[in-house]
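In what follows, a structure is listed as structure tokens, so that the remarks can point back to it.
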Amino acid sequence: SIFTSAVSPAAERIRFILGEEDDSPAPPQLFTELDELLAIDGQEMEWKETARWIKFEEKVEQGGERWSKPHVATLSLHSLFELRTCIEKGSIMLDMEASSLPQVVEMIVDNQIETGLLKPELKDKVTYTLLRKHRHQTKKSNLRSLADIGKTVSSASRMFSNPDNGSPAMAHRNLTSTSLNDISDKPEKDQLKNKFMKKLPRDAEASNVLVGEVDFLEGPFIAFVRLQQAVMLGALTEVPVPTRFLFILLGPKGKAKSYHEIGRAIATLMSDEVFHDIAYKAKDRQDLIAGIDEFLDEVIVLPPGEWDPAIRIEPPKSLPSSDKRKNMYSGGENLQMNGDTPHDGGHGSGGHGDCEELQRTGRFCGGLIKDIKRKAPFFASDFYDALNIQALSAILFIYLATVTNAITFGGLLGDATENMQGVLESFLGTAVTGAIFCLFAGQPLTILSSTGPVLVFERLLFNFSKDNDFDYLEFRLWIGLWSAFQCLVLVATDASFLVKYFTRFTEEGFSSLISFIFIYDAFKKMIKLADHYPINSEFKVDYITHYSCACEPADPVNSSLLNRTAVQLADELLYSPAEMSNSTIDWSSLTTKDCLKYGGQLVGNNCDYVPDITLMSFILFFGTYTCSMALKKFKTSRYFPTT
């Protein structure tokens, strides 16, 4: 608030929570699932999964057949304030020791009764409700067998209509025989087969949010639970991951939408990296409230009537790092609250930040020595970590990308340098330099290949060498040695720190240059084809019998054949000396090139015929472009699932 001190008590509390040195590993990734209490087939109430979060929200689409695309969760400000009130007034149970869902539910209900938040006579009904079956989106159909429906309905009617239920022993026996039949301690087959598990890291934990309306409560039943150890709670979660957090909200009829929005609010908070850390480290209720206050400080409100809440905001291509928010509290300096952003003192840093790698040491080879010390412990593991089946697809992808590049640029280099550098040289150079870079660049993922500017440089260098009678390959060697010497000087003087002043403009400038070079080359080749092989527009198939072209000798007096010896002609035209002895030749067997070379002349109306190479080339040119653009758009179309 503007009426209090610059640093609020909540900010101080968060700084204490996040800044506390702890030897324990970083909190694992959370999978959050929102289940709502709904009537299935008009018969009974069951917990139905309606949304899930890893980083972004996915909803079950209307009709309940498929998941929506991941999108940024948009929350109402009112739901966040109501959630804050729920945390203030509900049961907060941190580091609960429990090993099963019935045990967790029993401890929550007992705590509510002890604190006067729940009437003792409602214990059985609340327990029965919380232990209902959970129906996840992985299941193909909501239809069940008549025997299953009959069993559940009859057990529920016995539970609430049998007069013997007054005794605690009888109530416990009924709970065991009815509601506990609908849950299991082990994951179901649908959970184990769920392909969504591939999106979660191995150490992921679950946060379950249960909200719903019931007709036997007069006030809300609220509980936030953190288990001391993550526990598999049977079929509670869509995927077979252990549950660490549980948020429960049951309330009177008529406020289902509010309960739903509060459930979305806590689920979104659990997927927020800062609140996620606070939830793991919180020691009491006030820590959680401080986490909500921090989230509210960062929230941006959109005015009603100026945007459509039904529009889903797609996730950004590059996620902004939450380190800035965390460091603001853990660092203890320049602490800002209520939406203020710390002043950035950098000048044109280009987004690189003041990381250790880009700081100038001022010593000879100081940066290189620090790089070696920093990388040495991980040098070997960078290589043997790749010996995993999960890395195979990435290895094949990189290999194919490098090979195709080497072939493409090798062919272009061969054309530009009269095959002094061709496909084989490009292959060998890529392989040798790639291996050396992987070993000495500090990481194995340095991928090398030719690019457009290199091709232009080689073409200009070859032409320059040709014009000035230089040996191209020798000249190229000296240029490589000179470039290597310059790189050593830059390393020795820590010049790499200048990278932090570069912006994306440099990268995009080179990308534009490469694009223009290849577009220009493509059109240049097409124009050259059109010049050498013009389209024969006057050719008619019906007149093919009229077309002919023959090679005939020129005037014998002027013929160049008379000035050549029989042996020369035999060598050049592969005729035997016997055939050449009388200075005679089969002119009809000569090619067009040889006919003109030895003084013959082409006679006929089809001598200027050129096959439609240009037309076919233009068809391939535009056909390839059309196919590539269509496939690019096809990837984002609605045909086929992601797989």
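The values are calculated or read from the model by the stated rules, or taken from the named source; none is laboratory data. Everything numeric here is computed off the predicted structure, so don't read it as measured data. So basically every Cβ, Gly included, is an ideal-geometry build from the backbone, and we count neighbours across all protein chains shown. All accessible areas refer to the heavy atoms of the entire protein, side chains included, with ligands and DNA or RNA removed. Shrake-Rupley method; radii C 1.70, N 1.55, O 1.52, S 1.80 Å.
Sequentially through region 386-393, phi angles give Karplus couplings (6.51, -1.76, 1.60; θ = phi - 60°) of 7, 7, 9, 4, 5, 8, 4, 5 Hz, Gly and Pro residues having no value and appearing as x.
Shown for region 383-530: the carbon plus sulfur share of the solvent-accessible area, taken with all protein chains present and a 1.4 angstrom probe, equals 73%.
Taking R0 as 30 Å, what FRET efficiency do you get between Lys253 and Asp308 from their Cβ-Cβ distance, rounded to the nearest 0.05? The calculated FRET efficiency here is 0.50.
How much length is gained on full extension from Ser515 to Val541, taking 0.36 nm per residue of separation minus their Cα-Cα distance?
Result: 5.2 nm gained on full extension.
Each peptide among 546-553, 401-408 gets the average number of other Cβ atoms lying within 10 Å of its residues, and from highest to lowest they stand as 401-408, 546-553.
Spin-label pair Ser628-Thr85: with each label point 7 Å from Cα along the Cα-Cβ axis, the two points sit 6.0 nm from one another. Note on Lys524 and Ser321: their simple-model spin labels are 4.2 nm apart, each label 7 Å out from Cα toward Cβ.
Shape class for region 352-483, computed from the alpha carbon gyration tensor (a ≥ b ≥ c): oblate, with a/c not under 1.5 and a/b at or below b/c.
With both labels modelled 7 Å from their Cα along Cα-to-Cβ, the Phe196 to His532 distance reads 5.9 nm. Measuring between alpha carbons in the structure, the pairs from Lys283/Lys500; Lys199/Lys632; Lys55/Lys133; Lys55/Lys119; Lys59/Lys317; Lys125/Lys281 lying more than 29 angstrom apart are Lys283/Lys500; Lys55/Lys119; Lys125/Lys281. Sparse packing (at most 14 other Cβ atoms within 10 Å of the Cβ) combined with a DSSP loop state is found for the following chymotrypsin sites (Phe, Trp or Tyr not before Pro) in region 490-546: Phe502, Phe539. Here Phe470 and Ala391 are evaluated by their C-beta separation; at R0 = 60 Å the FRET efficiency comes out at 0.85. Computed from the Cβ-Cβ distance with R0 of 30 Å, the FRET efficiency linking Phe440 to Trp482 stands at 0.95.
What shape does region 67-141 have by the C-alpha gyration tensor, where a ≥ b ≥ c are the square roots of the eigenvalues, rounded means a/c under 1.5, and otherwise prolate means a/b greater than b/c and oblate the rest? Each step should come with its number before you reach the end.
Details: a/c = 2.16, a/b = 1.27, b/c = 1.70.
In terms of gyration-tensor shape, oblate.
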